[in-house]
Amino acid sequence: MTVDALPSARKPLTTSQALLFGTLTVGTLDILDAFIFNGVRSGVTPSRILQFIASGLLGRESFEGGAATMALGLLLHYFIAFVIVTLYVLASRRLPILAQRPFIFGPVYGLLAHVVMSRVVVPLSAVTRAAGPRPLAVEINQWLIHAFGIGLVTALFARAARRP
């Protein structure tokens, strides 16, 4: 049997496919984490979480908006996931090592995304948060989902779209 007779390796994803599937995967993992973690920890419903996301634009009024603000929260959530995935995939085109070493650079990128979200995006938004630091369990959950559910998954999609 010659090498030519062996099945070829899987074709790489196109950039568009990596962005679409990466966004859907990252966004879904992150929102499921939020639903499950917050539901188990404090009984917060998925509708309340989606309205909280929408409160980044609308402030407290988002909690009175019903299904419309829940839909807006979901749309914003996936838009943020799209931006996160897009930035990494595009950066990996300039710095191929980002796609070549997803298990190193992915979690680092996810943690960087967490820092940017919590220190820049959220403070600039209309979200009203409780004063003081978040409980340690919440912080640990955020670090883990951002490192592995967001960063690593994003880097794996960048690798899957890597050009030979």
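The values are calculated or read from the model by the stated rules, or taken from the named source; none is laboratory data. Given the structure is predicted, the values throughout are model-derived calculations rather than measurements. Every residue, glycine among them, receives a Cβ derived from its backbone with ideal geometry; neighbour counts consider all protein chains shown.
Observations on the model:
- Checking each residue in the range 94-129 for being charged (D, E, K, R) and modelled with pLDDT under 95 picks out Arg119, Arg129.
- Neighbours by Cβ (under 8 Å, 6+ apart or cross-chain): first from the range 143-164, of a type in the set (Lys, Arg); second surrounded by 21 or more Cβ atoms within 10 Å (Cβ to Cβ): Arg159/Ser92; Arg159/Ala99; Arg159/Pro102; Arg162/Ser92; Arg162/Ala99
- For the residues Gln17, Gln51, the requirement of being buried (at least 17 other Cβ atoms within 10 Å of the Cβ), in a helix (DSSP H, G or I) and either touching a residue at least 12 places away in the same chain (Cβ under 8 Å) or not aromatic (Phe, Trp, Tyr) (or both) singles out Gln51.
- Going through (1) closer than 14 Å to Phe157 by Cβ; (2) touching a residue at least 60 places away in the same chain (Cβ under 8 Å); (3) out of contact with any Asp or Glu (no Cβ under 9 Å at 6 or more places or on another chain) one by one, Tyr109 falls short only on (2).
- Qualifying positions in the range 37-48 - over 19 Å from Ile80 (Cβ atoms) and in a helix (DSSP H, G or I): Gly39, Val40, Arg41, Ser42
- Consider the range 62-71 and keep the residues that are assigned to a helix (DSSP H, G or I) and over 18 Å from Leu124 (Cβ atoms). The one that is farthest from the chain's Cα centre (by Cα) is Glu64.
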